[in-house]
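Participant: Sharing a structure, written as structure tokens. Questions coming.
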């Protein structure tokens, strides 16, 4: 399979993962290793930034596993920019998953603040991966200000409902010149495979792995699902059709003498 | 304001409505994907008692999906037991002849060191209501002093004006807990005969003031034991539903304090048993998948060990309910007796054994404005 390239970095796994909701740092580590994930997002608010021996970070210290700090918890562009700067300093990476969801109940991303913050962060030299609604115009606007990818949601975060935004994701993927990573709502390996088959560059999965009865096995299942979907996409899926194609009476007259 | 909605409800009618719920109403409520206030009323009604096992299983699944296998931990720090209110159920009541104590800045830092030693990053500051001595100014100075030491600071103190909340939020105050105690107006007056707290409406509208001030999180609840808990809980849920739609950027948390004995105190009018408390917790979760549900050390060890599986998402541990209780003045009078006196490490161990990650830090002061100098 082709590697995915974001901001010059090659990824051989197209399964990105989160670190929340696990029952222990040990379980998290085993599951993430089983997933093969090379990009792992970490909520800045959970990290003890002054503490080099932070429990979570210690368990994410693997050469293939890159950290993607996220700004979960901020409500405005200003707070997001500030948090991103702290993350850059503490975790020594200029990659940032930009999440601005001022609504703590449904965690819906704020498009206005996200665009403002993305523009500012790009200027400050960050590799910005913004979490957004599956809004094709917003995704183009983010591409225009220089984000490294877009991360539209498949369904409300943590809902495990799958690709409820399917039709809009199709437009985003068709239109985008930057990688499209489907984030949020992916609840099963088949959802992940579906996203990959439709041409998503990668998916990000957290809840479905973390709260599975066996997170390690589920992580492996997602790895397989993502690989199957991507392989199928690269192989070229046959076009499916609702009806049989037979000689049509509508154009039969063309063959008449 | 919530008052205009509250006034449309009549306590006795609400109560009658809850007690009139049938098994059919409960089954419908369990079946619904999105549950209304009427569904909540059915789930807290006596008719729901036979469905407790089903409610518990659903509550557990909904909680795990939303909050994962984690439990937030916090600890209270009592700053003062000075109080100008008379509250019939409280150890700090003005008419309770006790030695009064308010922590000085130096004493707060000693308490802080002891709390941090146990591993806590989230602290809840608690006081009585003494507006001269323990004023907004006192709280401002306290926040400035303590903010560098904690990831997250909440307060459970007297209700304040919107502007006070705004200023405290700017200084890093994350959450405010303000319990209505009871939504029964006549009973409220009976239990709060003297002091600023006797103003029912001012307290009722406190969450509105907090919402307008843009506070990150607010905690609601009633003191269980003063009045019919089902009716009081219905009003709490009504309040929650109103607030969530109006102040949609705020996070909400619900607590379920059951009246505890204290020196010279009141015998509860209504006793809620463990089974009923489990029913209430599960009903909240089925009504609202996202709300935080918190349990304190008022509850006993065995109950707390089991309730963590049924919808609770935050718990206090190793609490002292007297100012200076950790090191400075261990003999000062408690607000109430705690029932679970296990250490923080023992609670963390209990959680791990049950497959939960204890979460000590889930916020950063940086998110509430600038505190550290940023390079670059």
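Participant: With just the Cα atoms defining each centre, how far is the stretch A:1-27 from the stretch B:101-130? Give it in Å.
Facilitator: 41 Å
Participant: Another question about this same structure. What order do you get for A:167, A:135 when you list them from fewest to most C-beta neighbours inside 10 Å?
Facilitator: Ordered by Cβ neighbours within 10 Å, fewest first: A:167, A:135.
Participant: To the nearest 500 deg cm²/dmol, what mean residue ellipticity at 222 nm is calculated for chain B from DSSP H runs of n ≥ 4 alone, each contributing -39,500 (n - 2.57), summed and divided by the residues?
Facilitator: -11500 deg cm²/dmol
Participant: Another one. Binning every alpha carbon pair distance of the stretch B:46-168 at 5 Å from zero, what are the percents per bin?
Facilitator: P(r) for the stretch B:46-168, in whole percents per bin: 2, 9, 16, 16, 14, 12, 10, 9, 8, 4, 0.
Participant: Mean residue ellipticity at 222 nm from the helices of chain A, using -39,500 (n - 2.57) per DSSP H segment of n ≥ 4 over the full residue count, to the nearest 500 deg cm²/dmol?
Facilitator: Working: 9 runs with 97 residues, N = 257.
-11500 deg cm²/dmol, from helical runs alone.
Participant: Would you kindly compute the Cα radius of gyration of the stretch A:1-90 and its largest Cα-Cα separation (Dmax), both in Å?
Facilitator: 13.8, 40
Participant: Now for a separate question. Taking one equal scatterer on every alpha-carbon of the stretch B:133-210, how large is log10 of I(q)/I(0) by Debye at q = 0.27 1/Å?
Facilitator: Calculated log10 I(q)/I(0) at the listed q: -1.29.
Participant: What is the mean number of Cβ atoms from other protein chains located within 10 Å of the Cβ atom of each residue in peptide B:63-74, rounded to a whole number? Present the calculation step by step, with values, prior to reporting the outcome.
Facilitator: Numbers: counts 0, 5, 8, 6, 4, 10, 10, 7, 0, 0, 0, 0.
Mean partner-chain Cβ count within 10 Å for B:63-74: 4.
Participant: Moving on. Return the whole-Å distance between the Cα centroid of the stretch A:142-219 and the Cα centroid of the stretch B:219-258.
Facilitator: Computed from Cα coordinates, the inter-centre distance equals 36 Å.
Participant: Below 8 Å between Cα atoms, with a sequence gap of 6+, how large is the relative contact order for chain B in percent?
Facilitator: 25 percent
Participant: Could I get the Rg over Rh figure for the protein assembly as shown? Both from C-alpha atoms, Rh via Kirkwood, rounded to two places.
Facilitator: On the Cα set of the protein assembly as shown, Rg over Rh gives 1.01.
Participant: Helix A:136-145 against the longest principal axis of chain A: what's the angle in degrees, Cα atoms only, rounded to the nearest 10?
Facilitator: Orientation of helix A:136-145: about 50 degrees from the principal axis.
Participant: Right, next: Looking at the calculated P(r) for the stretch A:119-257, what percent of the C-alpha pair distances fall above 24 Å?
Facilitator: So the pairs more than 24 Å apart make up 42 percent of the total in the stretch A:119-257.
Participant: Looking at the stretch A:4-255, I'd like the Rg to Rh ratio, where Rg is from alpha-carbon atoms and Rh is Kirkwood's inverse mean 1/r. Don't skip to the answer; put the middle values down first.
Facilitator: Values: Rg = 19.4 Å, Rh = 18.7 Å.
Taking Rh as the inverse mean 1/r over Cα pairs, Rg/Rh reads 1.04.
Participant: Name the residue, out of B:34, B:258, B:203, whose mean-square fluctuation peaks in a Gaussian network model built on chain B with Cα pairs under 10 Å.
Facilitator: B:34
Participant: If I build a Gaussian network model for chain B, linking alpha-carbon pairs within less than 10 angstrom, which residue out of B:54, B:292, B:121 has the largest mean-square fluctuation?
Facilitator: Largest GNM mean-square fluctuation: B:54.
Participant: Between the alpha-carbon centers of the stretch A:57-133 and the stretch B:322-356, tell me the distance in whole angstrom.
Facilitator: Result: 36 Å between the Cα centres.
Participant: Quantify how strongly other chains surround peptide A:68-80 by giving the mean number of their Cβ atoms within 10 Å of each of its Cβ atoms.
Facilitator: 2
Participant: Something else: State, as an integer percentage, the relative contact order of chain A based on alpha-carbon contacts under 8 Å between residues 6 or more apart. Display every interim value, and only then the final one.
Facilitator: Details: 503 pairs, mean separation 47.2, N = 257.
Result for chain A is 18 percent.
Participant: For chain B, set up a GNM with springs between Cα atoms under 10 Å and report which of B:12, B:69, B:305 has the largest fluctuation.
Facilitator: The residue that fluctuates most here is B:12.
Participant: Next question. Hey, what angle do you get for helix B:344-353 against the long axis of chain B, alpha-carbon based, 0 to 90 degrees rounded to 10?
Facilitator: Orientation of helix B:344-353: about 40 degrees from the principal axis.
Participant: Is the C-alpha gyration tensor of the stretch B:1-83 telling us rounded, prolate or oblate? Criteria: a/c under 1.5 is rounded; beyond that, a/b larger than b/c is prolate, otherwise oblate.
Facilitator: Oblate is the answer for the stretch B:1-83, as a/c is 1.5 or above yet b/c matches or exceeds a/b.
Participant: Could you work out how far apart the two model spin labels at residue B:330 and residue B:61 are, taking each label as a point 7 Å from the Cα in the direction of the beta carbon, and quote it in nm?
Facilitator: It works out to 4.8 nm between the two label points.
Participant: Can you report the principal axis dimensions of the stretch B:286-338 using only the alpha carbons, biggest first, rounded to whole angstrom?
Facilitator: Principal-axis extents of the Cα atoms in the stretch B:286-338, largest first: 42, 22, 15 Å.
Participant: A further question follows. So how tilted is helix B:136-146 from the main axis of chain B? Cα-based, degrees 0 to 90, rounded to 10.
Facilitator: Between the helix axis and the principal axis of chain B, the angle is about 80 degrees.
Participant: What's the percent breakdown of Cα-Cα distances in chain B across 10 Å bins, shortest bin first?
Facilitator: Using 10 Å bins, I get a P(r) of 5, 24, 35, 27, 8, 1, 0 for chain B.
Participant: Just checking the output field for B:354-366: average partner chain Cβ neighbours within 10 Å of each residue's Cβ? Kindly include the intermediate steps, with their values, before the conclusion.
Facilitator: Numbers: counts 1, 3, 2, 12, 1, 2, 3, 9, 6, 5, 13, 1, 12.
Partner-chain Cβ atoms within 10 Å, mean over residues of B:354-366: 5.
Participant: OK, next. Would you mind ranking B:312, A:178 by Cβ crowding within 10 Å, fewest neighbours first?
Facilitator: A:178, B:312
Participant: With 10 angstrom as the radius, rank A:139, B:87 by how many other C-beta atoms surround their C-beta, starting from the fewest. All intermediate terms of the calculation are to be shown ahead of the outcome.
Facilitator: Details: A:139 27, B:87 24.
So the residues, fewest neighbours to most, are B:87, A:139.
Participant: How big is the Cα convex hull of the stretch B:233-376 in projection, averaged over all directions, in nm²? Before the final figure, lay out each step's value.
Facilitator: Numbers: hull surface 50.4 nm².
For the stretch B:233-376, the mean projected area of the Cα convex hull comes to 12.6 nm².
Bear in mind these aren't lab numbers, they're just calculated from the coordinates by the rules spelled out. If you're wondering where the values come from, they're calculated on a predicted model, not measured in any experiment. All Cβ positions, glycine included, derive from the backbone under ideal geometry; neighbour counts span all protein chains shown.
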